[in-house]
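Asker: Can you read through this structure? Questions will come right after.
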Amino acid sequence: MGQKSGKHKKDLTHLSDEEIERLTKNTTYSRQQIQDWHQGFLRDCPNGKLDKKKFLEVYKKFYPEGKAEKFCAQVFKTFDSDDNGYIDFVEFLIAVNITSHGDIREKLRLAFDMYDMNKNGKVILMRNSNESLRFIKYDLRLF
């Protein structure tokens, strides 16, 4: 009886004026372009959620020879900025904008974030050559 909690689930199929304004400020897209992208997103994801399975399915269509699973997991985790297990439209369009129209610094930040697995600001690459492990650390603060 009554409300169970103060939290309301957001309808992910609806794009609010606040979200449109946020996207026009943080992307290169106009209001109309955002609405067009949103309609296309909903055709592919009618519930407003791009889950890992659908993300992998789409990726495999574009890169059928690649080893998509591991790469997709990293990309998905980066794009799912609120870590809720799906990519909503706002997360999706910001990621599309950076990959399509971002400057070099934004693209480097995105690439770095994909490989910063534990979100500590460092990327460690392991290379096995002649039975020895080599660790290379990159710190974004160097840029």
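The values are calculated or read from the model by the stated rules, or taken from the named source; none is laboratory data. In this text the structure is predicted, and so the values were computed from the model without any measurement. Please note: Cβ atoms are built from the backbone with ideal geometry, for glycine as well, and neighbour counts cover all protein chains shown. The protein model used for the area step is the full one, side chains on, heavy atoms only, and it has no ligands, DNA or RNA in it. Shrake-Rupley method; radii C 1.70, N 1.55, O 1.52, S 1.80 Å.
Asker: Once phi is turned into ³J(HN,Hα) by the Karplus curve 6.51 cos²θ - 1.76 cosθ + 1.60 with θ = phi - 60°, what whole-Hz value does each residue of region 70-80 show in order, with x for glycine and proline?
Answerer: Result, rounded to whole Hz: 5, 4, 4, 4, 5, 5, 4, 4, 5, 6, 7.
Asker: Next up: 7 Å from Cα along Cα→Cβ at both ASP44 and SER100: what's the point-to-point distance in nm?
Answerer: With each label placed 7 Å out from Cα toward Cβ, I get 1.0 nm.
Asker: Where does each of 111-119, 33-41 land if you order them by average Cβ count within 10 Å, highest first?
Answerer: Going from most to least packed, we get 33-41, 111-119.
Asker: Say the cut-off is 21 Å between C-alpha atoms; which of LYS54/LYS119; LYS10/LYS70; LYS49/LYS77; LYS10/LYS60; LYS25/LYS53; LYS53/LYS77 go over it?
Answerer: Long pairs (Cα-Cα over 21 Å): LYS54/LYS119; LYS10/LYS70; LYS10/LYS60; LYS25/LYS53.
Asker: Provide the solvent-accessible area of THR78, counting protein heavy atoms only and rolling a 1.4 Å probe, rounded to the nearest 10 Å².
Answerer: Its accessible surface works out to 20 Å², give or take rounding.
Asker: So what's the net charge close to LEU50: Lys and Arg +1, Asp and Glu -1, counting the other residues with Cβ under 11 Å from its Cβ? Numbers along the way, then the final one.
Answerer: Working: positive: LYS49, LYS52, LYS53, LYS54; negative: ASP44, ASP51, GLU57, ASP80, ASP88, GLU91.
Its environment carries a net charge of -2.
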